[in-house]
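Read through the structure below, which is laid out as structure tokens, and then see the notes.
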Amino acid sequence: MAGDEAGARALLYAPGLPPTGLPTSFSAGADGLSFGPEASLAPVTWAIVRARRGGFDRSTLTLEWTGTTGDCALVIADAAARATVEPWLRGLASAASATPRTKRVSSLVLGLTIGLPVLLLVLLLSQANRIIDWAVDRIPIDTEIRLGHEAAAEQRSRLALWDDHPAAAAVRELGKRLTHGSRYPFEFHVVRDPSVNAFAMPGGFVVVNSGLIERADSAEEVAGVLAHEVQHVERRHGLRGLVHAAGLGVGLRLVLGEVGGSFAASWAENLEGLRFSRSQESDADRTGVAALIRADIDPRGMGRFFRKLAREGSAVPALLSSHPASEERFATVDTLMPKDRKFEPLNYDWPNLRGSH
Amino acid sequence: MADVIDYEIFGNEMQYVEIELDPGEAAIGEAGSMMYMQDGLTLDTVFGDGSAQQGGLMSKLLGAGKRLLTGESLFTTIYTNQSSGKRRVAFAAPYPGKIVPLDLAALGGTFLCQKDAFLCAARGVALGIAFQRKLGAGFFGGEGFIMQKLDGDGLAFMHAGGTLLKRDLAPGELLRVDTGCLVGLQPSVDYDIEYVGKIKTAMFGGEGLFFATLRGPGTIYLQSLPFSRLASRVFAAAPQRGGSREEGSMLGGFAAGGLLGGLLGGDDE
Ligand SMILES: [Zn+2]
């Protein structure tokens, strides 16, 4: 088995060899591995060899064993060289040669890079943001929902959900009313947190702090905040922001539906810190007002609540630090208010529901 | 295959590398890192990395596509000695640290370094990318997601910020490192992203929330001062920067040096 002319090559790591590995020839046979003369290492039998897929991008076959002088490894990067070994690894086949799905996806990503450059070249130099938007628009909705679910599961364990808060049922009802017919599976929760805040995660997990509920004087005000948050989801603002921040490589993977659990968890963590752009905020205001009108809820509650927060107190409430309030923004919202339409007041006894101060 | 170049590194903490080219030899460098070049050298900006394998249009496009993904500029500058004598060209490190010469032949033909760490190489060294296939790594260890891949048998140079540490990992040996501090590694080393501690608190400190878990065998290089860390300290110490910061996000730090930064940020920072 020694004289394999194919000359499969790999990097050999062993005590006494260069720490960066010795490029060596090797051959694989029924008995085990043997190495070229440059390695001056005795053959090893399969019985002591462990195989795994390894390396930075999981593309190498790493064979490890403990020799008489210490731990050794043969790292095989070349596909043809790997193929000479794989038949002998049947016992370990599942670990060593199963091609993970990610590999297929990566090839797809690489395939895209062949097709895209011409398009990208033209667009990227002038229109980088539009490329990102292009990618975001193509992220399948079920990918987004799946990610959202995993991220929400992560959030649940960290948030003090307070779903039997006296106003929680009202929040759920208002949310349902505002998301009627939506393609997202929305969930609305109250969280025990005194800060005046609310947030929505891509996919439809919406949270309102108990502090915000206490601060609102009517159900319309809460509905206004919910409508705004819901639109951040509907308009994919968070998703867009994340892809912008992470770059096109991640965007392309999301387009291909490539998501993993640890990713979702990290995603959830970072959503809280995400800030929306000014144009996204006014977009959420505008579409939020439209959603309120569609749901037959008086939209003036939205502006009233934001104005009230901006006016009151010296400390800026959390909601305003993530949703910068400006007179300009309020004025824009005001212009959207229907002049000649009457709304029935929502039938909630808010001062009673919101609990004691 | 790659040109055999001679070099000398000058300086202690702010280094530059001077490369001596025989007639007909050439070096490739990132635009913006060149310090000086002698008369007789011609400077060519080429599409892709100018390596010999890049024959057809398709492979050039593939190379360019990969460079797009890493945020590198699409064009590489080649410095060719067209004269009849030896000529020198020098490339300078962009911030305090050490220049590391990498003999790719001795390293097994391939080496991975952080995207912005690559300084220059002998002509014939192919610049590519290596993907970390686990998505989490890409998203949050932005620095580790896509590494610059140096392929060939010639010399290449990378730059490490601060003090340089070279570690040889034995087979199976584990080491946890800050993703930003890992400046280069052999592709034989396993790489996994792990996150440690509460993100919420770490989000405001900005450091150390993601570790790369490395598993030998192979040689790795660590830098004590990743540029992103230096930059964030400088940024934090700068006088109040206007009121509004809503366009940015907590993820902004991860985006630095990313695709858009690389393409739109110009090359002369
Ligand atoms: Zn908002």
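The values are calculated or read from the model by the stated rules, or taken from the named source; none is laboratory data. Model, not experiment: these values are computed from the prediction. Glycine also receives a Cβ, built like all others from the backbone with ideal geometry; neighbour counts cover every protein chain displayed.
Yes or no, residue by residue, for (1) crowded, with 24+ Cβ neighbours inside 10 Å; (2) facing chain B (nearest Cβ under 8 Å); (3) within 14 Å of the ligand (Cβ to nearest atom); (4) modelled with pLDDT under 75:
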{"site": "A:VAL222", "(1), (2), (3), (4)": "yes, no, no, no"}
{"site": "A:VAL225", "(1), (2), (3), (4)": "yes, no, yes, no"}
{"site": "A:HIS228", "(1), (2), (3), (4)": "yes, no, yes, no"}
{"site": "A:HIS232", "(1), (2), (3), (4)": "yes, no, yes, no"}
{"site": "A:LEU242", "(1), (2), (3), (4)": "no, yes, no, yes"}
{"site": "A:LEU248", "(1), (2), (3), (4)": "yes, yes, no, yes"}
{"site": "A:ARG253", "(1), (2), (3), (4)": "yes, yes, no, yes"}
{"site": "A:GLU258", "(1), (2), (3), (4)": "no, yes, no, yes"}
{"site": "A:GLY261", "(1), (2), (3), (4)": "no, no, no, yes"}
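Can you find a residue in the range A:342-350 that is within 16 Å of the ligand (Cβ to nearest atom), modelled with pLDDT of 85 or more and crowded, with 18+ Cβ neighbours inside 10 Å?
No; the residues of the range A:342-350 include none that is within 16 Å of the ligand (Cβ to nearest atom), modelled with pLDDT of 85 or more and crowded, with 18+ Cβ neighbours inside 10 Å.
If we scan the range A:189-207, do we find a residue that is within 14 Å of another protein chain (Cβ to nearest Cβ) and either away from the ligand (no atom under 15 Å from the Cβ) or free of Cβ contacts under 8 Å to residues at least 12 places away in the same chain (or both)?
Scanning the range A:189-207, I find at least one residue that is within 14 Å of another protein chain (Cβ to nearest Cβ) and either away from the ligand (no atom under 15 Å from the Cβ) or free of Cβ contacts under 8 Å to residues at least 12 places away in the same chain (or both), so the answer is yes.
Is it the case that B:ILE199 is more than 30 Å from A:LEU11 (Cα to Cα), at pLDDT below 90 and in contact with a helix residue (DSSP H, G or I) (Cβ under 7 Å, 6 or more places away or on another chain)?
Answer is yes for this residue.
Checking the condition in the same structural domain as A:ASP334 (by TED's automatic domain parsing) and under 27 Å from the mean Cα position of the chain (by Cα), which residue from A:GLU221, A:GLU187, A:GLU173 passes?
Exactly one of A:GLU221, A:GLU187, A:GLU173 is in the same structural domain as A:ASP334 (by TED's automatic domain parsing) and under 27 Å from the mean Cα position of the chain (by Cα), namely A:GLU187.
Can you tell me which residues in the range A:159-186 are assigned to a helix (DSSP H, G or I) and touching a residue at least 60 places away in the same chain (Cβ under 8 Å)?
A:ALA170, A:LEU174, A:ARG177, A:LEU178
Please enumerate the residues belonging to the range B:93-111 that are within 13 Å of chain A (Cβ to nearest Cβ), hydrophobic (A, V, I, L, M, F, W, C) and part of a loop (DSSP other than H, G, I, E, B).
B:LEU104, B:ALA105, B:ALA106, B:LEU107, listed by residue number.
Go through the range A:18-31 residue by residue and tally those that are closer than 17 Å to A:GLU64 by Cβ and surrounded by fewer than 19 Cβ atoms within 10 Å (Cβ to Cβ).
Residues that pass the stated criteria total 1.
Does the range A:229-239 contain any residue that is in contact with a strand residue (DSSP E or B) (Cβ under 9 Å, 6 or more places away or on another chain) and within 14 Å of A:PHE305 (Cβ to Cβ)?
Yes, the range A:229-239 contains a residue that is in contact with a strand residue (DSSP E or B) (Cβ under 9 Å, 6 or more places away or on another chain) and within 14 Å of A:PHE305 (Cβ to Cβ).
I need the helices (runs of 4 or more DSSP H) fully contained in the range A:30-144, keeping only those with at least 2 residues that are at pLDDT below 85 and either at the interface with chain B (Cβ under 9 Å from one of its Cβ atoms) or at positive phi (or both). First the steps, then the outcome.
Details: elements: A:79-85, A:93-97, A:101-115, A:117-137.
Per the criteria, A:101-115, A:117-137.
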